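Following: one structure in structure tokens, then a few remarks.
The values are calculated or read from the model by the stated rules, or taken from the named source; none is laboratory data. Since the model is a prediction, treat every value here as computed from it, not as a measurement. Ideal geometry is used to build each Cβ from the backbone, glycine not excepted, and the neighbour counts take in all protein chains shown.
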Amino acid sequence: MNPGLQVSETHLPGLELVHRGKVRDVYRVDQNSLLLVASDRISAFDCILPTLIDRKGEVLTRISSFWFNELRAITPNHLITTDISAMPEIIAQNRDLAGRTSLVKKTEVFPVECVVRGYLEGSGWKEYQATGSVCGQLLPAGLKQCDRLPEPLFTPATKAATGHDENIDLATFREIVGDETAEYLRSTSLRIFEHASAYAAQKGLIIADTKFEFGRDNDGSILLIDEVLTPDSSRFWDAETYSPGRAQASFDKQFVREYLETLDWDKTPPAPPLPASVAAATTERYIRAFELLTCTRF
Ligand SMILES: Nc1ncnc2c1ncn2[C@@H]1O[C@H](COP(=O)(O)OP(=O)(O)OP(=O)(O)O)[C@@H](O)[C@H]1O
Ligand SMILES: [Mg+2]
């Protein structure tokens, strides 16, 4: 491993790149497995920024790996190993990618994002102010920004191939994945959220909202896939300073979004670079989230 070396894009000789996402490069390993390589890219408002975030790929990989293990009793998942020396030689020889690679079971991804919201912020807060409900689910009147919801809400979205994901109601969600799978994804997402929130609360963190992905593996099992409860896929707040009625101090990309909001940028590519101080502060926040959650030094 070469600490401090930033990774923007990977090219692994001998492996077929099947997808370059906003953050991860996905390679086909064999019929049953994929390699996910987490780069140091960061996206905001669905655009990849030109600035890399030091250590981000490693932090994301370690946080997801931690949660897959922690959530094992609630849901099976796709992770085979994050230990590069235990991977096939064609991967293991790329030592500079140690810490940021996950060998996973290949699945057919359900084309939906399983969003769970425990608190009112972001697009949910905007929608509530306009309509009094979130994704068609009516809420009590008089809630403030970042208020805790009476109970966590499952608010699915489509996984748009390009552009922004779109919120969908439960009927549309059922049409896309089928009734039985819909009920399984909904109840499993809520159970994961409840378990993880209780765990995080003990560590002084609030999980305000998050997004899960699921897929079906070659044996027909439904697995939790992708990344889990990371600062890229979730809003993490500091429980100690939490106070509804305003935006919260967070351990996620909110800091980057807030910086970008100060610029005269229309949120279409190309995205502007981040000042070094904002990038460094983002690294710090991601590492802090990892350390708080896992009680481990990064
Ligand atoms: N076990 C798995 N089987 C198949 N695909 C997976 C698995 N785990 C993750 N993926 C996919 O790998 C990709 C990870 O890349 P990344 O998160 O950077 O993409 P993204 O920019 O969020 O974009 P998108 O999800 O729109 O492709 C995602 O498309 C995700 O759905
Ligand atoms: Mg993604």
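Summary table below
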{"quantity": "Region 218-238: number of residues that are in contact with an Asp or Glu (Cβ under 8 Å, 6 or more places away or on another chain), surrounded by fewer than 24 Cβ atoms within 10 Å (Cβ to Cβ) and in a strand (DSSP E or B)", "calculated": "2"}
{"quantity": "Single residue of region 212-251 satisfying the filter (more than 23 Å from A279 (Cβ to Cβ) and of a type in the set (V, I, T)) that is nearest to ligand 1 (Cβ to nearest atom)", "calculated": "I225"}
{"quantity": "Strands (runs of 3 or more DSSP E) contained in region 52-160 and holding at least 1 residues surrounded by fewer than 22 Cβ atoms within 10 Å (Cβ to Cβ) and over 21 Å from the mean Cα position of the chain (by Cα)", "calculated": "148-154"}
{"quantity": "Residues of region 1-52 satisfying the condition of being within 16 Å of ligand 2 (Cβ to nearest atom), among the hydroxyl-bearing types (S, T, Y) and out of contact with any Ser or Thr (no Cβ under 8 Å at 6 or more places or on another chain)", "calculated": "Y27, S43"}
{"quantity": "Test: residue in region 130-147 that is without any contact (Cβ under 8 Å) to a residue 24 or more places away in the chain, within 20 Å of S233 (Cβ to Cβ) and in the same structural domain as R235 (by TED's automatic domain parsing)", "calculated": "yes"}
{"quantity": "Residues located in region 189-240, provided they are among the small types (G, A, S) and over 18 Å from R257 (Cα atoms)", "calculated": "S189, A196, S197, A198, A200, A201, G204, G215, G220, S221, A239"}
{"quantity": "Among the candidates F290, F236, residue that is out of contact with any strand residue (DSSP E or B) (no Cβ under 8 Å at 6 or more places or on another chain), under 20 Å from F193 (Cα atoms), of a type in the set (F, W, Y) and modelled with pLDDT of 95 or more", "calculated": "F290"}
{"quantity": "Subset tally (residues that are touching a strand residue (DSSP E or B) at 6+ places or on another chain (Cβ under 7 Å), β-branched (V, I, T) and not in a strand (DSSP E or B)) for region 6-47", "calculated": "2"}
